[in-house]
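A.B. asks: Below you'll find the structure I mean.
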Amino acid sequence: VKLRLRSQFFEIEACLVLPFLISLSKLGSICYVVAEKEGRKEGKMSTPFSGEILSEKLSKLNNSQASIETLSHWCIYHRNEANHIVKTWDRLFSSSGKEQRVAFLYLANDIIQNSRRKGSEFVSEFWKVLPASLKDVYENSDEQGKKAVSRLVNSFCFTY
């Protein structure tokens, strides 16, 4: 079986696929299973959508680019659940610590920027909750948090 993790391909025995995917999903990685079928490749996101999985992934979110991009891609893949994703994002943003809230804002920005080509679901959903979230971080953060909010607001102003 061929597996693609980000842009690298791996060939592993079929009996090892499930344990391999389980170990990757515990790390929060995006993994595509690539199947050769009728001469063409078909990719599928290995982690199905559920509120529990989303909450777990959001609770593990940190400021690293890999963490933000991985979860952003997963959310965009499940864009038909945009309303549920943003409501969960908002609920967990409100209950998260000050240090994690900036990562939540970076995640929202990445989702908005990268999902616009596929539809406006996330743009319309995030605009319902982002103003209050940005204000909260700006008013209750140190200088680093305030700078992050300023950069995000500027990117929104020049992008839209």
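Throughout, read-outs are computed from the coordinates displayed, never taken from laboratory work. Fair warning: this is a prediction, and the values are worked out from it, not measured in the lab. Glycine gets a Cβ as well: all are built from the backbone with ideal geometry, and neighbour counts include every protein chain shown.
A.B. asks: Let me know the charge dipole size of the range 69-160 about its Cα centre in debye, to the nearest 20, where only the beta-carbon of Lys, Arg (+1) and Asp, Glu (-1) is charged.
C.D. replies: Values: 13 positive and 11 negative charges, 43 e Å.
In total the dipole reaches around 200 debye.
A.B. asks: Computed over the Cα atoms of the range 63-160, what is the convex hull's projected area averaged over all directions, in nm²?
C.D. replies: Spelled out: convex hull of the Cα atoms, projected over all directions, averaged, 5.7 nm².
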